[in-house]
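Please read the structure below before turning to the comments.
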Amino acid sequence: MMSLNKDSVITVGFGVALVIMAAIGYLYHRNVTAMTDFDRMVERSYAVVTELDGLLADVNEVDSGEHVFIVTGEDDFLAPYRASLSQIDRRLARLKELTRNHPSQEIRVRRIEKLVRGKTAEAAQTIKIRTRGGFLAAVRREKANEHKPLMDEIHGELNDAREAVMAHLGRRQAAKEESTRNTIRVFYAGNALGLALILTTFLLLRRDITERKRAEEEIERLNTDLAARAAQLEEANRELEAFNYSVAHDLRKPLTVINGYCQAIRELCGGGLSAECSGYLKEAYDGTLRMDGLIDALLNFSRMARIEPQRETVDLSRMAQEALAQLRLAEPQRRVTLRIAEGVMGDGDEGLLRVVLDNLLGNAWKFTCMRDEGIIEFGAEKRDGQLVFFVRDNGAGFAMADAEKLFAPFQRLPGAEVCKGFGIGLATVRRIIQRHGGRVWAEGAPDVGATFYFALSDVKRIT
């Protein structure tokens, strides 16, 4: 009887242990399912944030393109504007798809779409007026629309939408963490009861529990690190967007006004101005164009951080020939010997590598301007089994102690003031090469010349 009772207790103990283990397994499965659902929600939320950020950048580009066209009246400046219009349509459609079945977000997206469509329509009308009625008519329309803070409303709605998505994500994150904690509590309680029911089961499970605990702690640590990095990236993106908006909107608008008044004075009073006054007016007008060029350089520099290179095989020799042909066309009187190696091929993004060569060859062209006969070379060579490209010139050169300063934004070495530039070109080159996983460096000597080297990948080797 005692033996039967003991067997019954053991059977019940094992049965209860199995039930507890089954319950724990069910809770674990439910938590994993919830985490999977949460990951999908996180992916969707970040996709919404990405599209909102992109939409903000595209609207800024439309606003910028509108103001640039008002000033210049040249259709070539509308290419980024038109590209942004296409991107706006795609992003709005994507936002509608992402927010489907989320009523509050759908309502907000409809408000954003209404404001953005209003801005694109306003920009199109202004461009039409500038094309048909001229600069002054477009300026008058701009001044008439100053009381309509449409861009501010768009920025407000986009920022509010972004904050709402991130707040929702934070609430879901807190709920997920609480659910995880509850699951862990039940897990340990169940195992404690299992220990009381059967020591053998506990001994078999103890090692597994320890490993799971370590894995959960590692996951928690990784999640904490990931959250910190995501917060840093989010803050950096916010600062970058704020900078872009400040440059494109807050700086360009008064610059457009100054430029416009210069043109208006020249058109209305040009005949009555003395030569001295006309000179002052030209200096003011040229200054606005230089400032506009600096703004473009800054915007292009900031965009390089977000572009993902699309690798393909690129004919760098042909690209160098085209860049130097444009430089020679601009200054046909210059005596410059060009030595371009044939058949130099590289693996990278064609558009970005064109920017690299335009900057490096443009610098070589500028800094040989004091020579009776300049010499500019482009080629490639092996260094430690790696293919390295170079641009060499016999220009002003530099001291090797200043080599690292060359690639810092706005750093210009002594003597560089004789050549035009904003101090952004080499910083842009470094950023592009780094996006390709490569490196760039320079060698030179004062009044002897300079050589700029770049490799497109630190891991790609040749035999």
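The values are calculated or read from the model by the stated rules, or taken from the named source; none is laboratory data. Since we're looking at a predicted model, the values are computed, not measured. So basically every Cβ, Gly included, is an ideal-geometry build from the backbone, and we count neighbours across all protein chains shown. When the accessible area is computed, the model is the full protein with side chains, heavy atoms only, and any ligands, DNA or RNA have been set aside. Shrake-Rupley method; radii C 1.70, N 1.55, O 1.52, S 1.80 Å.
Assorted remarks:
- Gain in span if fully extended, Arg40 to Arg212, counting 0.36 nm per residue against the direct Cα distance: 59.5 nm
- Accessible area of region 111-152 belonging to carbon and sulfur atoms, whole % at 1.4 Å probe: 54
- Apportionment of accessible area to carbon and sulfur, region 322-407, percent (1.4 Å): 52
- Packing-based order for 161-168, 338-345, 318-325, using average beta carbon neighbours within 10 Å, highest first: 318-325, 161-168, 338-345
- Computed FRET value (nearest 0.05) for Lys114 with Thr11, which takes r as the C-beta separation and R₀ as 56 Å: 0.20
- Highest to lowest packing among 432-440, 120-128, 73-81, scored as the average C-beta count within 10 Å: 432-440, 120-128, 73-81
- Computed E for His102/Lys128 - FRET, C-beta separation, R0 30 angstrom, nearest 0.05: 0.20
- Förster radius 51 Å - calculated FRET efficiency between Ala330 and Ala175 (Cβ-Cβ, nearest 0.05): 0.25
- Backbone geometry of region 170-182 corresponds, through the Karplus equation with coefficients 6.51, -1.76 and 1.60 at θ = phi - 60°, to 3J(HN,Hα) couplings of x, 5, 5, 5, 4, 5, 5, 5, 5, 4, 4, 4, 4 Hz, x marking Gly and Pro.
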